Amino acid sequence: MKPIEFENGTVQIDASIVAEGLGLTPSLLRQEMRAGRVTSLAERGMDADSGRHRLTFFSEHRRFRVVVDAAGAIIQRSAVDFGDARLPRSVRKPGG
């Protein structure tokens, strides 16, 4: 699998990219996702951002975001770490 692929209307991303962005190991990421402690949000760009996708992943204390183009190339990546504080609800909203 390429790092990011589009298949049947869904976006698939390599777990190691998400794990690194959230500061987890890939095995811990899978465990946290199964338990519902890591969640995600996928947004499709419109107008000037058409063809782009923003994928955001949330853990208890961290938000990791990647923006990819239509071919799956990462255009931008960012992470916000709230340290010991829990992730504020405002950070979990689309477009934020």
Response to the item:
With Cα springs under 10 Å, the Gaussian network model of the chain assigns the largest mean-square fluctuation among Ser16, Ser27, Ser40 to Ser27
Item to complete: Using label points projected 7 Å from each Cα along Cα→Cβ, tell me how many nm separate Ala42 and Glu7, to one decimal.
Response: 1.1
Item to complete: With r as the distance between the Cβ atoms of Ala70 and Leu28 and R0 = 22 Å, compute the FRET efficiency 1/(1 + (r/R0)^6) and round to 0.05.
Response: 0.10
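At a Förster distance of 22 Å, what's the computed FRET efficiency of Arg52 paired with Ala15, Cβ-Cβ distance as r, to 0.05?
Details: r = 22 Å, r/R0 = 0.99.
After rounding, the FRET efficiency stands at 0.50.
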Discussion item. Please compute the modelled spin-label separation between Ala79 and Ala35, points set 7 Å along Cα→Cβ, answer in nm with one decimal.
Written reply: 1.9
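Quick one, can you get me the convex hull of the C-alpha atoms of the range 1-94 expressed as volume per residue in Å³?
On the way: hull volume 9.8 nm³, N = 94.
Value for the range 1-94: 104 Å³ per residue.
No lab work stands behind these numbers, since they all come straight from the coordinates. Just so it is clear, the structure is predicted and the values come from calculations on it, not from any experiment. Quick reminder, even Gly has a Cβ in these numbers, built from the backbone with ideal geometry, and neighbours come from all protein chains shown.
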